[in-house]
Amino acid sequence: YDVQLELPEAQLIHGTYRRSYPEVPNYWNRQIALTKARGYVETLAGRRVRVVGDWTGSFGWSMGSTSINHRIQGTGADQKYLALAVLKNLLTTYGAQFAWDLHDGLYFFVPSARTKEFIVEALRRLDHLPYKEAWGYTPSIPMPWDAKWGPSWGTMKKFAA
C-alpha cells in the first residue's frame, strides 16, 4: 500500500489494537484451539472447511488464519446464500435479474418502474431471514440490510423509503 512503517511503529499499533479489543485475540485463540481439536472450522450455518496439517510448519499461519476467518467470512457468505434463496421468487414477481455478488453485497437489475417497490419488499424479507429454519440457529443480534440504487455503478445512492 506504499506505506512506510518501521517495525517499532507496527508493534505499537499491533499492541494498541490488542489492548483496545482484548476479546478479539481471545476469540482468535479459542477459534484456533477449537479448529485444531476438531480438524475443521464451521460457519454458524454449519458449513465446514477441513483444516489439518502441521500447525508448527510453514502453513501454520495460514491454517490459523483460516480458523479465524472462515467462521466469520463464511457465515457472511452463508447469509448471502440464504438471502438469494429468499429473494428468488421475488425476482420473477418484479421482472428483476440477479446480476452478481461482491463481498457482502448482492446486485440486481430491476426495471426502473418497479425499482422502489422491489427494494422495499426485498429489504422487508432480508431483515427477516429464516435463520432458525435454515441454520437451526437464531443470531443474538439483529442483522439489518441496506440498499443503494441508481442507473449505474457510479451514480448509486443510499435508498430511503
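Computed over neighbours whose Cβ is under 15 Å from that of Ser62, the net charge equals +1, Lys and Arg +1, Asp and Glu -1.
With an a/c value of 1.5 or above and a/b larger than b/c for the gyration tensor axes a ≥ b ≥ c computed over the alpha-carbon atoms, region 39-118 is described as prolate.
Considering only Ser20, Ala10, Ser58, and ranking their Cα positions along the charge dipole of region 5-60 that arises from unit charges at the beta-carbon of Lys, Arg, Asp and Glu, the one farthest toward the positive end is Ser58. Within the same chain, lysines fewer than 8 places from Lys132 are excluded, and of the rest, those with a Cα less than 22 Å from its Cα are Lys80, Lys88.
Helices in the chain that qualify as membrane-span-like (whole DSSP H runs, Cα extent of at least 24 Å along the helix axis, mean Kyte-Doolittle hydropathy of 0.0 or higher) are 75-94. Among Pro144, Pro22, Pro111, the residue with the largest mean-square fluctuation in a Gaussian network model of the chain, with springs joining Cα atoms closer than 10 Å, is Pro22. Where Rh is the Kirkwood radius over the Cα pairs of the chain, the temperature 10 °C and the viscosity 1.306 mPa s, what D in µm²/s does Stokes-Einstein return? Result for D is 84 µm²/s.
Accessible area per residue (1.4 Å probe, heavy atoms of protein chains only) ranks Phe98, Phe109 as Phe109, Phe98, with the largest value leading.
Residues Glu42, Glu117, sorted by accessible area with the largest first, give Glu117, Glu42 [1.4 Å probe; ligands and nucleic acids excluded].
Over all other residues within a Cβ to Cβ distance under 14 Å of Phe118, the charged ones net out to +4, with Lys and Arg as +1 and Asp and Glu as -1.
The values are calculated or read from the model by the stated rules, or taken from the named source; none is laboratory data. None of the values given here were measured: they were computed from a predicted structure. Here the Cβ is made from the backbone with ideal geometry for all residues, glycine too, and neighbour counts use every protein chain on show. Areas reflect the complete protein model, heavy atoms only, side chains present, ligands, DNA and RNA absent. Shrake-Rupley method; radii C 1.70, N 1.55, O 1.52, S 1.80 Å.
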